[in-house]
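In what follows, a single structure is set out as structure tokens and then discussed.
The values are calculated or read from the model by the stated rules, or taken from the named source; none is laboratory data. Remember, it's a predicted structure, so these values are computed and weren't measured experimentally. Note that we place each Cβ from the backbone using ideal geometry, even for glycine, and neighbour counts take in every protein chain shown.
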């Protein structure tokens with residue numbers, strides 16, 4: 001990983017149309033609950049998650065693959081037995097391969113999906129760094145989740161880190 | 001040194017079912033983003049974080065074992081998930097600083 005930049009993914013929700021949108025900021029943490037209007041939408045910040053952006057650079061040829069369009073990786077909690085991600089996870093678990101879902105920034109309608117080849121590169125990156133583990137990682141695209149509003153997956157990012165207490169619960173974002 | 005060796009030498013309490021592995025280096029952080037960016041395969045991860053998402057974070061970077069320090073209580077769903085992934089979650093009553101000192105005394109450094 002190169003060009004690592006720590007920052008925040010900000011989750012904002014419109015309480016008029018119930019749209020969730022996200023963006024990355026490397027600046028100061030934004031205040032939760034801040035509300036503002038944009039056209040017909042009334043946005044409120046519902047979560048700040050500490051995360052990072054990065055590039056992957058090939059150590060042989062120097063080719064750089066930017067992952068600035070990757071919002072985060074989501075761990076499937078198996079909340080919906082008929083969800084394609086959960087179905088795939090049950091199949092792969094037999095081979096000790098663990099799925100995470102690669103998300104682009106939301107809303108889904110506006111996002112440019114993270115291309116499949118980049119998710120494959122990232123999967124390879126994590127798998128080639130496994131020295132002795134018999135398990136593997138597979139990063140799958142977010143379009144496998146048909147209805148985000150039903151998803152109770154956990155993003156692998158840091159929330160509540162500015163609290164004096166260790167966070168134990170998370171808000172449902174979708 | 002393996003995970004089981006460490007359990008014995010440091011008096012750690014295993015909470016999950018796990019695959020015994022060689023431990024290679026130590027990573028100390030309470031931020032999953034930090035672990036994903038900086039930890040190496042085989043590292044021990046020392047943290048006070050107990051939310052279940054520490055398990056997939058550890059799995060991504062091939063952590064050999066997670067040691068939850070300061071006697072923090074680990075929720076059952078975190079332990080169950082770790083058992084499913086065969087990742088050791090170990091508990092220590094010691095503060096992170098003290099445990100790092102003991103690990104350093106055993107010859108561990110960062111990779």
message = Of the conditions (1) more than 14 Å from chain B (Cβ to nearest Cβ); (2) more than 19 Å from residue A:26 (Cα to Cα); (3) within 16 Å of the chain's Cα centre (by Cα), residue A:87 satisfies every one except a single condition; which number is it?
response = (3)
request  = Please give the number of the condition residue A:158 fails out of (1) modelled with pLDDT of 90 or more; (2) at the interface with chain B (Cβ under 10 Å from one of its Cβ atoms); (3) under 13 Å from the mean Cα position of the chain (by Cα).
outcome  = (1)
ask   = Which one of B:104, B:85 is over 13 Å from the mean Cα position of the chain (by Cα) and under 18 Å from residue A:133 (Cα atoms)?
value = B:85
